[in-house]
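The values are calculated or read from the model by the stated rules, or taken from the named source; none is laboratory data. Keep in mind that what you see is a predicted model, and the values were worked out from it rather than measured. Every residue, glycine as well, gets a Cβ built from its backbone with ideal geometry; the counts of neighbours run over all protein chains shown.
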């Protein structure tokens with residue numbers, strides 16, 4: 001009888017449970033066990049495990065002691081494991097199987113900043129401090145830049161550099177809980193339609209706090225901005241080098257985009273003349289203008305300030321300062337400052353300008369490197 005039981009692990013575990021219920025001390029119980037079934041049937045370590053399982057109320061004698069394989073773990077445990085991995089390693093892991101793909105794609109990906117550079121030739125994606133380069137028009141080589149020692153690139157057959165980079169970038173974007181502090185985009189106009197497909201495929205607007213966009217020739221930024229969640233944008237910085245469009249038409253379209261209006265600050269960097277249509281931005285909360293190769297004249301700065309004071313929405317305006325002496329002289333007006341302004345103290349270069357039908361005022365600060373108009 002004992003010999004038959006010794007070959008039945010379930011029966012042996014039940015015997016241990018009975019000893020626990022009988023309150024037999026563990027070592028005494030093990031000695032009883034060895035006398036009845038033999039010393040080679042179960043080690044003391046294994047016996048102790050089942051003894052204390054029963055002692056703590058775990059009476060399931062069919063319990064499987066095997067360590068579960070990684071893919072057998074609950075999804076919550078997989079998330080806790082991979083949340084410690086850097087973004088690029090998650091991209092690698094998700095290619096192993098569909099379960100890990102689901103895990104990576106549904107977990108909260110904590111990535112503060114992404115820079116996507118697809119201007120010419122190879123494509124580079126910077127995930128925080130990690131830079132991944134995609135290179136090749138037929139078979140794409142993928143490798144991490146600035147890694148020591150240098151690693152052999154992975155080669156993906158029958159896919160070009162732009163397509164593969166877009167696939168990888170779309171992975172974190174598809175998660176509706178994804179949050180980005182900064183997104184920096186530099187895309188050639190010819191590649192923009194394929195890049196735009198990432199955003200068109202989403203079922204949600206992307207949460208971004210700061211967007212930096214570099215454009216060439218056209219209004220590429222208008223192809224992306226509508227896909228960003230407007231209430232979360234704190235800053236939009238647009239670098240414009242050249243344009244095939246008339247300035248007024250270009251700026252009018254930009255000023256009408258809700259994301260530009262609701263962002264705390266819209267920064268425009270470009271080459272503009274004194275005919276810049278400042279009135280296109282009367283409905284924006286914040287506006288900063290800077291120029292790559294030249295600065296505007298004092299008379300143009302004064303025109304900007306005069307126009308923007310009529311806005312009921314604007315909170316802050318900054319523009320690069322040029323002709324400082326001429327600007328101050330014109331605003332002081334020989335003792336009769338423009339816009340009924342009052343200099344806070346002699347030589348301070350800071351003026352208070354009353355707002356009609358309001359107890360608030362504009363603060364015009366000319367003391368720094370930039371002219372700053374702020375609603376107070």
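Tell me whether the stretch 184-191 contains one or more residues that are under 17 Å from residue 111 (Cα atoms) and outside any loop (DSSP other than H, G, I, E, B).
yes
Taking the stated definitions as given, is residue 2 in contact with a helix residue (DSSP H, G or I) (Cβ under 8 Å, 6 or more places away or on another chain), modelled with pLDDT of 80 or more and farther than 30 Å from residue 174 by Cα? Show your work before the answer.
Numbers: in contact with a helix residue (DSSP H, G or I) (Cβ under 8 Å, 6 or more places away or on another chain): yes; modelled with pLDDT of 80 or more: no; farther than 30 Å from residue 174 by Cα: yes.
Spelling it out, it is not the case that residue 2 is in contact with a helix residue (DSSP H, G or I) (Cβ under 8 Å, 6 or more places away or on another chain), modelled with pLDDT of 80 or more and farther than 30 Å from residue 174 by Cα.
Out of all the residues in the stretch 134-155, which are surrounded by 18 or more Cβ atoms within 10 Å (Cβ to Cβ) and out of contact with any helix residue (DSSP H, G or I) (no Cβ under 6 Å at 6 or more places or on another chain)?
Residue satisfying the conditions is 142 alone.
Do we find that residue 76 is farther than 23 Å from residue 7 by Cα and surrounded by fewer than 13 Cβ atoms within 10 Å (Cβ to Cβ) in this structure?
When the stated conditions are applied, residue 76 passes them.
Only one residue in 222, 215 is modelled with pLDDT under 90 and part of a helix (DSSP H, G or I), so which one is that?
Answer to the check: 222.
Could you check the stretch 250-346 for strands (runs of 3 or more DSSP E) lying wholly inside it with 2 or more residues that are on the phi < 0 side of the Ramachandran plot, surrounded by fewer than 17 Cβ atoms within 10 Å (Cβ to Cβ) and at pLDDT 95 or above?
Working: elements: 265-270, 286-291, 316-320.
So the answer is none; nothing clears 2.
Please go through the stretch 120-133 and pick out each residue that is surrounded by fewer than 14 Cβ atoms within 10 Å (Cβ to Cβ) and under 16 Å from residue 188 (Cβ atoms).
120, 121
Considering each residue of the stretch 227-249, count those that are out of contact with any strand residue (DSSP E or B) (no Cβ under 7 Å at 6 or more places or on another chain), outside any loop (DSSP other than H, G, I, E, B) and farther than 19 Å from residue 196 by Cβ, and give that number.
Keep residues of the stretch 227-249 that are out of contact with any strand residue (DSSP E or B) (no Cβ under 7 Å at 6 or more places or on another chain), which gives 230-231, 245-249.
Subsequent filtering for residues that are outside any loop (DSSP other than H, G, I, E, B) retains 230-231, 247-249.
Of the ones still in play, those that are also farther than 19 Å from residue 196 by Cβ are 231, 247-249.
The number of residues fulfilling the criteria is 4.
Do we find a residue being closer than 26 Å to residue 278 by Cβ and more than 17 Å from the chain's Cα centre (by Cα) anywhere in the stretch 185-203?
No, the stretch 185-203 contains no residue that is closer than 26 Å to residue 278 by Cβ and more than 17 Å from the chain's Cα centre (by Cα).
If you go through the stretch 87-105 one residue at a time, do you hit one that is touching a strand residue (DSSP E or B) at 6+ places or on another chain (Cβ under 7 Å) and at negative phi?
Yes, the stretch 87-105 has at least one match.
Of all residues in the stretch 117-165, count the ones that are on the phi > 0 side of the Ramachandran plot and either in contact (Cβ under 8 Å) with a residue 40 or more places away in the chain or out of contact with any strand residue (DSSP E or B) (no Cβ under 7 Å at 6 or more places or on another chain) (or both).
Result for the stretch 117-165: 4.
Just the residues that are more than 17 Å from residue 288 (Cα to Cα) and either at pLDDT 90 or above or in contact with a helix residue (DSSP H, G or I) (Cβ under 8 Å, 6 or more places away or on another chain) (or both), please, taken from the stretch 225-247.
Those that are more than 17 Å from residue 288 (Cα to Cα) and either at pLDDT 90 or above or in contact with a helix residue (DSSP H, G or I) (Cβ under 8 Å, 6 or more places away or on another chain) (or both): 225, 226, 227, 228, 229, 230, 231, 232, 243.
Which of the residues spanning the stretch 24-51 are assigned to a loop (DSSP other than H, G, I, E, B), touching a helix residue (DSSP H, G or I) at 6+ places or on another chain (Cβ under 8 Å) and exposed (fewer than 15 other Cβ atoms within 10 Å of the Cβ)?
Initially, the stretch 24-51 is screened for residues assigned to a loop (DSSP other than H, G, I, E, B), giving 24-25, 38-43.
Among the residues that remain, those that are also touching a helix residue (DSSP H, G or I) at 6+ places or on another chain (Cβ under 8 Å) are: 24, 38, 41-42.
Once the filter is applied, which keeps residues that are assigned to a loop (DSSP other than H, G, I, E, B), touching a helix residue (DSSP H, G or I) at 6+ places or on another chain (Cβ under 8 Å) and exposed (fewer than 15 other Cβ atoms within 10 Å of the Cβ), the stretch 24-51 yields only 38.
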